[in-house]
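Trainee: My questions all concern the structure below.
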Amino acid sequence: MRRLLLFLLMAGITGCSDSEPASEPVAEKRTEAPPAVPKAKTQPVVAPTHPVTRPDPPAVVEKPELAIFQAPGKVPLLVSVRTKSGKKHVGEVLERTDSGLVLYDIVLRGTVTIPKDQTKSIIEGIDEGKAGFHVPFATYGAWKLTKLLRAGKVQGQITMVSEQGLFINLGSTAGLVAGQTIKLLGQAESIMDPETEKVLAVFRPTLATLLVSQVMNADVSKVTLNSPESSVSIKRGMVVECERLPRTVVLIPPQWESGDPNLKTGDEALYLTEHVLTELVRNDIPVISQDQVSRIRAEIASRESQEQESVSGIAIAEEVQADVVLTGKLLAKGRTGNVTLHVTDVPTTRLVGVLTGRIRRDKIKDESEKAKKVAVVVMKGGNRINVLAKRIGITPAMAGSLLLAMPFDQETVRVTGRTIQVRDISAYNRHGIGGSATIATVEQGVRG
């Protein structure tokens, strides 16, 4: 009986506890690492004793070489200097000293030294927007293009002469590379207008040639005498000149635009084109003649069955194998015109920069004619010949006066086989009237 009561009592105590039984602790599972697999021993490579037949590799298709786009160069601000004698110089400052300024005059296309005691006034910080108040648009535009393209001739100075060598203030920014030839120039000689006695250009004779041995940075290069036996005394401040790799430019005449339908327009676009081409040639930039542009435009239009006006400038540039093409517009505004020319690298079709400015419509003809006259006088006085003439083999002995300096005049050059007929256009007008012919035979072929 006692055992039965004890049993019932124990059963009741158990029923008063939690309804769910306590969970038993779960043992932590451990993941056993798999047994290490012994690495197979590296067997020495034994060359087969018999030839192994392998499938022929797939043919490799050569990819066309991609054109390299050269980043545009830096365009510095200009200064305008008035001297006490009444002369005006607009250009890029090369050196400032206590005694005066050394600058590259973009009108004279030469380095000039202006003593401080001869300086009357200086205007600093002339950018593209202000340049039109000091020089014609074509003059500034051609100079700016040489900066953007790192093309044409560039002048600098001897900055140091020491036991370490010779150093000039031209570097990678100016487009110099090791192995380039540099001219050491002598004292400046002014080329004067025979009628007005106005200084048209500065001519410096070549004293020696230097060789770029090292381009040290953006603004300095080390040079050596290319002809050590030549007796020339080299001093700090002497002017040097480098002729960089030429880049041929084709200018598509700008399109006229006007917001006033009653505004009458004349030949301003033609005169502007002539003026720009003249300044490009004066800056030793090879150009394509306007006759060539017109002919190529007509050929492309006929071949593609389209209107001539719809032929793009880049298509014309590719056809004539130019390096750079200038396209844009001329917006007429009363007596003035706003010019915008886009500079495009032809191989890559990338925009290099933009030339902007303003022209006086009533003065553009006179400016164009004056530029041509200056070019004629300078070419005669300096006994220099245009870079285009050099490229096709014309020598100074063949030149009556200007030859190829005005490539926009009609029938300036005719090529038949190995004979070149060149027009002396010192008496030419823009309608192609006047001038005489010179016949020259090229021994090593003709380009152009």
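Any read-out appearing in this document is the output of simple, stated calculations on the displayed coordinates, not a laboratory observation. Worth saying up front: this structure is predicted, and the values here are computed from it rather than measured. All Cβ positions, even for glycine, are placed from backbone atoms using ideal geometry, and neighbour counts span all protein chains on display.
Trainee: Here are some pairs, Lys87/Lys363; Lys183/Lys329; Lys88/Lys264; Lys84/Lys183; Lys235/Lys372; which of them have Cα atoms lying more than 29 Å apart in this structure?
Mentor: Distance filter (> 29 Å) returns Lys183/Lys329; Lys88/Lys264; Lys84/Lys183; Lys235/Lys372.
Trainee: Residue by residue, what Karplus-based ³J(HN,Hα) values in Hz, rounded to whole numbers, does region 134-141 have, using 6.51, -1.76 and 1.60 with θ = phi - 60° and x for Gly and Pro?
Mentor: Whole-Hz 3J(HN,Hα) from phi for region 134-141: 10, 9, x, 4, 4, 5, 5, x.
Trainee: With a Förster radius of 30 Å, plug the Cβ-Cβ distance of Lys329 and Glu304 into 1/(1 + (r/R0)^6) and report the FRET value to the nearest 0.05.
Mentor: Rounded to the nearest 0.05, the efficiency is 0.80.
Trainee: Could I ask something else about it? Going highest first, how would you order 322-328, 348-354, 119-125 by mean Cβ packing within 10 Å?
Mentor: Ranking, from highest mean packing down: 322-328, 348-354, 119-125.
Trainee: Could I get the Rg over Rh figure for region 61-164? Both from C-alpha atoms, Rh via Kirkwood, rounded to two places.
Mentor: Reported Rg/Rh, Kirkwood definition of Rh: 1.12.
Trainee: Here's a follow-up. Going 7 Å from the Cα of Ile314 in the Cα-to-Cβ direction, what parts of region 336-356 have a backbone nitrogen less than 19 Å from that spot?
Mentor: 341-355
Trainee: If I histogram all Cα-Cα distances within region 218-347 using bins 10 Å wide from 0, what percent of pairs lands in each bin?
Mentor: The percentages, shortest bin first, are 10, 31, 25, 16, 11, 6, 1.
Trainee: Continuing with the same structure: Please list log₁₀ I(q)/I(0) at q = 0.30 Å⁻¹ for region 92-152, using the Debye equation with identical point scatterers on the alpha-carbon positions.
Mentor: -1.35
Trainee: Enter the per residue convex hull volume of region 177-246, computed from alpha-carbon coordinates, in Å³ rounded to the nearest integer.
Mentor: Here the figure is 129 Å³ per residue.
Trainee: Please state the relative contact order of region 72-135 as a whole percent: Cα pairs under 8 Å, 6+ residues apart?
Mentor: 35 percent
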